[in-house]
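Q: Pasting a structure here, questions to come.
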Amino acid sequence: MHATATRRHPLITRLARTLGISRLRASLRHRHLDEVIAKGSHTVLIDDKPVEFLVSTRREAIRVVNAVGEQAHIESVTRFLRAGDVFWDIGANIGMFTCAAAALHPDAQVHAFEPEPRTASRIRENIARNKLANASVHEVALSDSEGSFDFIVAGELGSGTNSLVKGHANSPESKQSTVTVRVCTPADYARERALAPPTVVKCDVEGAEAGVIRGLMPWIQQRAIRRLDVEFHLSTLESQGESAADLEREILARGYRAETRHQRGDTLNITFLPA
């Protein structure tokens, strides 16, 4: 009786190698994130301009090291800005768009809107770290109504799913907390603080974008906004009886066009420009 050699299928061999490489890459990535957290900051190059961000949590480290797929988007916005523009970063998180825009365009006015106190404080620290005299932080949420509302904080600093919309956060409820935040309409807040109307807007508010868009509508109707970038959270909008398609139609009906569209999973990013 002859012994028969066992041969592994080439696909299985490749898969085993891939899994091994993947584990190694994951281990190195985790180690790098730990090093960034231990260092306490990380510098991101935006069009060769170094912008430094403080880091104390894993979510912050992931956000700045990987730029969460946002670096190309940040560079697209900063390349569009020009002297005299007023950039409103609505849903600024730790301020990556804010700091990049202010660093690359010292002759523009940059305003970060972030209602969660810890995160707003972190943006202020990042602005100070980069010595950005043209950037300001507004600890307020923007919408089409006014008042005090519960804001769901999902997990640690740097999390990208904090929201006015209950049920949007993807972290366990045990890791969520609630803070009461002020909500204002954009026009009323601008009058109160003597802010110039925005000419460029980035809106990423984790499912609360319908209120922001309708709050911005007076300026959209005037086509005062030269560029409007919106991240639509599709299922969260649907849970409120809203739809990205309806909101897009409202913007297009005011004389805009969708310059770029990119969908990834449950999010749809559209850049609107005047037609």
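The values are calculated or read from the model by the stated rules, or taken from the named source; none is laboratory data. If you're wondering where the values come from, they're calculated on a predicted model, not measured in any experiment. Using ideal geometry, Cβ is built from the backbone for each residue, glycine included, and neighbour counts are taken over all protein chains shown. Remember, those area values only see protein heavy atoms, side chains included, never the ligands or the DNA or RNA. Shrake-Rupley method; radii C 1.70, N 1.55, O 1.52, S 1.80 Å.
Q: Residues in segment 50-84 that are surrounded by fewer than 21 Cβ atoms within 10 Å (Cβ to Cβ) and part of a strand (DSSP E or B): how many?
A: The number of residues fulfilling the criteria is 3.
Q: Moving to a separate point now. Please state which one of 87, 97 is crowded, with 16+ Cβ neighbours inside 10 Å, modelled with pLDDT of 90 or more and not in a helix (DSSP H, G or I).
A: That would be 87, the only listed residue that is crowded, with 16+ Cβ neighbours inside 10 Å, modelled with pLDDT of 90 or more and not in a helix (DSSP H, G or I).
Q: When you scan segment 192-214, do you find a residue that is at pLDDT below 95, hydrophobic (A, V, I, L, M, F, W, C) and over 28 Å from residue 250 (Cβ atoms), even just one?
A: Within segment 192-214, not a single residue is at pLDDT below 95, hydrophobic (A, V, I, L, M, F, W, C) and over 28 Å from residue 250 (Cβ atoms).
Q: Now a separate question. If you check residue 188 against the conditions, is it out of contact with any Cys (no Cβ under 7 Å at 6 or more places or on another chain), of a type in the set (Asp, Glu) and surrounded by 19 or more Cβ atoms within 10 Å (Cβ to Cβ)?
A: The answer is no for residue 188.
Q: Under 6 Å between Cβ atoms, which residue pairs at least 6 apart in sequence (or on different chains) link something in segment 106-120 that is within 19 Å of residue 190 (Cα to Cα) with a partner that is of a type in the set (Lys, Arg) and not in a helix (DSSP H, G or I)?
A: none
Q: Among the residues of segment 261-275, count how many are in a strand (DSSP E or B) and either surrounded by fewer than 12 Cβ atoms within 10 Å (Cβ to Cβ) or free of Cβ contacts under 8 Å to residues at least 24 places away in the same chain (or both).
A: So the answer is 4.
Q: Then there's this: For segment 201-225, what are the residues that are buried (at least 17 other Cβ atoms within 10 Å of the Cβ), farther than 17 Å from residue 114 by Cα and in contact with a Phe, Trp or Tyr (Cβ under 8 Å, 6 or more places away or on another chain)?
A: Selection gives 220, 225.
Q: Here is a follow-up. Being open to solvent by 40 Å² or more (accessible area, probe 1.4 Å) and modelled with pLDDT of 95 or more is the requirement here; does residue 7 meet it?
A: no
Q: I'm trying to understand the selection: among the residues of segment 105-123, which are assigned to a helix (DSSP H, G or I) and in contact with a Gly (Cβ under 6 Å, 6 or more places away or on another chain)?
A: Within segment 105-123, just 123 meets the criteria.
Q: May I pose another question? Could you tell me which residue of segment 237-260 is nearest to residue 76 (Cα to Cα), considering only residues that are of a type in the set (Lys, Arg) and exposed (fewer than 14 other Cβ atoms within 10 Å of the Cβ)?
A: The extreme case among them is 257.
Q: While we're looking at this one, here's another question. Which condition does residue 125 not pass, out of (1) buried (at least 19 other Cβ atoms within 10 Å of the Cβ); (2) under 30 Å from residue 180 (Cα atoms), if it passes all the others?
A: Tallying (1) buried (at least 19 other Cβ atoms within 10 Å of the Cβ); (2) under 30 Å from residue 180 (Cα atoms), residue 125 fails exactly one: (1).
Q: Right, next: When you go through 137, 153, 181 one by one, which is the residue that is at pLDDT 95 or above, among the β-branched types (Val, Ile, Thr) and not in a loop (DSSP other than H, G, I, E, B)? Before you say what the answer is, go through the steps one by one.
A: Working: 153 fails: at pLDDT 95 or above; 181 fails: at pLDDT 95 or above.
Step by step, each of 137, 153, 181 is checked, and only 137 is at pLDDT 95 or above, among the β-branched types (Val, Ile, Thr) and not in a loop (DSSP other than H, G, I, E, B).
Q: For segment 199-233, what are the residues that are among the acidic types (Asp, Glu) and either without any contact (Cβ under 8 Å) to a residue 24 or more places away in the chain or part of a helix (DSSP H, G or I) (or both)? Walk me through how you get there before you give the answer.
A: Step one: filter segment 199-233 for residues among the acidic types (Asp, Glu), giving 204, 206, 209, 229, 231.
Passing the criteria: only 209.
Q: Quick one: is residue 52 closer than 21 Å to residue 140 by Cα and in contact (Cβ under 8 Å) with a residue 60 or more places away in the chain?
A: Taking the combined requirement at face value, the residue does not satisfy it.
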